[in-house]
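> I have a structure I would like to understand better, so I am pasting it below and will then ask my questions one at a time.
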């Protein structure tokens with residue numbers, strides 16, 4: 001390579017390395033028959049100019065991926081959080097289910113699969129085991145994702161159904177939202193316009209208890225604990241009765 005020295009610049013063919021007023025060299029390259037600045041030399045240029053210029057171009061995503069796993073892990077984390085609502089509870093990952101309005105716990109392996117489903121092909125191509133561990137570490141250590149276990153299922157006078165959240169006090173339906181922090185849902189739709197007023201349920205209670213008021217009240221109480229978020233009852237419930245009296249049916253309903 002031919003080197004020419006001038007008072008204020010050093011010229012490489014087809015490169016131009018201009019010395020600026022603050023003592024730094026700016027690297028230029030011929031693009032479309034014009035020289036354009038594309039990088040710079042180190043602040044302290046050695047006395048002897050090397051044959052190839054030192055350039056600091058902006059690296060592409062592929063180049064970043066090869067050079068450092070941290071940027072790729074960061075990109076993967078951002079892509080994941082852009083598509084999913086995730087919280088961390090005592091190092092466990094919970095991912096929000098938009099359809100049914102609850103947070104389901106995910107193992108590390110399940111979350112790794114979710115990460116690969118959420119990132120671009122370019123990021124996925126460079127997302128190795130070390131980078132994946134970095135993603136999980138970033139999630140576990142991000143302050144805004146941390147949630148106290150006591151904040152889960154803390155709304156006791158609402159019930160999470162498939163089609164929304166039923167407010168028992170105001171007798172109205174609310175929309176699903178991660179703000180409720182539910183960890184389960186009732187696999188049934190709540191229909192406010194249903195005009196049977198629970199007649200079938202009351203009839204079943206009457207038949208399986210032979211009209212025993214105490215048993216009816218106890219079964220209704222257990223049902224309330226099962227479908228709601230009230231857990232402070234200091235009671236123990238057991239189903240005792242003759243065969244074919246409805247015990248297995250109740251277990252199926254509560255399940």
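> Pairs only if they're at least six apart or on different chains, beta carbon under 7 angstrom, first in segment 164-175 and over 18 Å from residue 154 (Cβ atoms), second in a loop (DSSP other than H, G, I, E, B) and modelled with pLDDT of 95 or more; list them, first residue then second.
Sorted first by the residue in segment 164-175, then by its partner, the pairs are 164/175; 164/176.
> Right, next: Just checking, does segment 175-183 include any residue being outside the structural domain of residue 78 (by TED's automatic domain parsing), outside any loop (DSSP other than H, G, I, E, B) and loosely packed, with under 10 Cβ neighbours inside 10 Å?
Yes, segment 175-183 contains at least one residue that is outside the structural domain of residue 78 (by TED's automatic domain parsing), outside any loop (DSSP other than H, G, I, E, B) and loosely packed, with under 10 Cβ neighbours inside 10 Å.
> Here is a further query. Could you pull out the residue among 240, 168 that is in contact with a strand residue (DSSP E or B) (Cβ under 8 Å, 6 or more places away or on another chain) and either exposed (fewer than 12 other Cβ atoms within 10 Å of the Cβ) or under 28 Å from residue 96 (Cα atoms) (or both)?
Answer to the check: 168.
> Within segment 203-217, does at least one residue satisfy the condition of being in a loop (DSSP other than H, G, I, E, B), exposed (fewer than 11 other Cβ atoms within 10 Å of the Cβ) and over 40 Å from the mean Cα position of the chain (by Cα)?
Yes, because at least one residue in segment 203-217 is in a loop (DSSP other than H, G, I, E, B), exposed (fewer than 11 other Cβ atoms within 10 Å of the Cβ) and over 40 Å from the mean Cα position of the chain (by Cα).
> Out of 228, 224, which single residue is closer than 19 Å to residue 182 by Cα and in contact with a strand residue (DSSP E or B) (Cβ under 8 Å, 6 or more places away or on another chain)?
Within the list 228, 224, the selection yields 228.
The values are calculated or read from the model by the stated rules, or taken from the named source; none is laboratory data. Nothing here was measured: the structure is a model prediction, and the numbers come from that model. Neighbour counts are summed over all protein chains in view; Cβ atoms, including those assigned to glycine, are modelled from backbone coordinates with ideal geometry.
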